[in-house]
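Notes for the one structure printed next.
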Amino acid sequence: ELILTRRLLLAKQLLTETTLPVTEIAFASGFGSLRRFNDAFSRRYGLPPSRLRKAADPLGPKADADSLTLQLSYRPPFDWKGILAFLGARAAAGVEAVDGDRYLRTARLGSASGWISVRERADRNVLLVTLSHSLTPAVPALLGRLRHLFDLGARPDLIGAHLAQDPLLAPAVADCPGLRVPGAFDGFELAVRAVLGQQISVGAATELAGRFAAAFGDPIATGHPALSRLAPTAARIADTPGERIAELGIIRQRAHAIAAIAKEMADGRLRLEPGADPDEVIARLRALPGIGEWTAGYLAMRALRWPDAFLPTDLVVRNRTGLDADAIAARAAAWSPWRSYALLHLWRSDRPDLRSASGTAASSRRARPGLPAAG
């Protein structure tokens, strides 16, 4: 019943916000046939799907033949500029880009591939997602990934009220009540980025991520000059020797760590996606070569959407609190179950010049030996 409800709600959205033919909407919503869709819709709402098409389009002009635009709602406030700054600083060339107030990226979900553009409509508390028509068969999965990427399910009122009880965090929460924890569009893509970011600056790691995508990502035509590559898949890299990855200028240990993660994910032993058990995933990651506590926790926070992840050994956290790792962990216990948000507040307040969730201080200077950058 829950699955049927979700399919029907998506169908209603596609009927009112796009000009897709009803048959395409039926399949894009997850129904196996047009007859089943019509029957379920009529039984649930007491009218045929075509009746809904008479409703006014809240997005304005209809999308063209090559794309469609949908809305994703959020609870305000929402720090759109901050999340764009965070993602833009880490965007792999060819795969992702931030263009003004828009987030752009390529996407591959199953056999469907194409491009996405996301911008905010603050007056309606929604994000407007424009996607290439080629991604229509994957709309349910695509919207789910974007909700995770932009942390659209967050309750900033509840999170902020809880964290503001600590005087250390209260000013940061007041300064940015709409802070979100950026998720991951793809778990393996984030894992590669996190490994590349170990002990180097965010800028240097981003350059390596672009090389990695250029070498192992499939080319794609998008019509957007900044988008030309699909992110490399775990299956592709699992069959790639670590030495081949190292040829891109990546330290050998990290190249082999990337290959090991790819093998684990391709074989189904490692799931870097929401719903996976954080303790189990962290343990599996820590067992791999070149993956330490910081990287494993960072991936749990973003790829698994674990709201209570925390990194007590993080350099910025130590500098901001003036405490050692044990004392930080003890104080952070009171921040549970929202320690991921506390971490982002500490990172953000370390860079007041950016006024956004910009990651650790490594974004502007090299990380100290033995300590990772922000991934």
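The values are calculated or read from the model by the stated rules, or taken from the named source; none is laboratory data. What you see is a predicted model, and the numbers here were worked out from it, not measured in a lab. With ideal geometry, Cβ positions are generated from the backbone for all residues, glycine too; neighbour counts draw on all protein chains shown. These accessible areas exclude ligands, DNA and RNA; they are computed on the full protein's heavy atoms, side chains included. Shrake-Rupley method; radii C 1.70, N 1.55, O 1.52, S 1.80 Å.
Residue pairs whose Cβ atoms lie under 8 Å apart, separated by 6 or more positions or on different chains, with the first residue in segment 279-308 and part of a helix (DSSP H, G or I) and of a type in the set (V, I, T) and the second open to solvent by less than 70 Å² (accessible area, probe 1.4 Å) and at pLDDT below 95, are T295/Q198; T295/P372; T295/G375. Considering only residues in segment 136-153 that are touching a Phe, Trp or Tyr at 6+ places or on another chain (Cβ under 8 Å) and open to solvent by less than 60 Å² (accessible area, probe 1.4 Å), the one that is farthest from L227 (Cα to Cα) turns out to be L152. Residue pairs whose Cβ atoms lie under 6 Å apart, sitting 6 or more positions apart in sequence or on different chains, and linking a residue in segment 129-158 that is more than 20 Å from G223 (Cβ to Cβ) and in contact (Cβ under 8 Å) with a residue 12 or more places away in the chain to a partner that is buried (at least 18 other Cβ atoms within 10 Å of the Cβ) and hydroxyl-bearing (S, T, Y), are L152/Y74. Among the conditions (1) farther than 27 Å from E17 by Cα; (2) part of a helix (DSSP H, G or I); (3) at pLDDT below 95, L168 misses just one, which is (2). Against the test of being in a loop (DSSP other than H, G, I, E, B) and either in contact with a helix residue (DSSP H, G or I) (Cβ under 6 Å, 6 or more places away or on another chain) or under 17 Å from T233 (Cα atoms) (or both), the options R269, R254 yield a single qualifying residue, R269. Here the condition is being touching a strand residue (DSSP E or B) at 6+ places or on another chain (Cβ under 6 Å) and in contact (Cβ under 8 Å) with a residue 24 or more places away in the chain; of I237, I220, I245, it holds for I220 alone.
Yes or no, residue by residue, for (1) modelled with pLDDT under 95; (2) open to solvent by less than 10 Å² (accessible area, probe 1.4 Å); (3) farther than 23 Å from A112 by Cα; (4) among the basic types (K, R):
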site	(1), (2), (3), (4)
T206	no, no, yes, no
T233	no, no, no, no
R244	no, no, yes, yes
Q253	no, no, yes, no
A259	no, no, yes, no
E264	no, no, yes, no
G268	no, no, no, no
T295	no, yes, yes, no
L299	no, yes, yes, no
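Please go through segment 309-332 and give me each residue that is without any contact (Cβ under 8 Å) to a residue 24 or more places away in the chain, in a helix (DSSP H, G or I) and open to solvent by less than 60 Å² (accessible area, probe 1.4 Å), ordered by number. Answer for segment 309-332, where residues must be without any contact (Cβ under 8 Å) to a residue 24 or more places away in the chain, in a helix (DSSP H, G or I) and open to solvent by less than 60 Å² (accessible area, probe 1.4 Å): A325, A327, I328, A329, A332.
Of the candidates S42, S73, the single residue that is modelled with pLDDT under 95, at negative phi and not charged (D, E, K, R) is S42.
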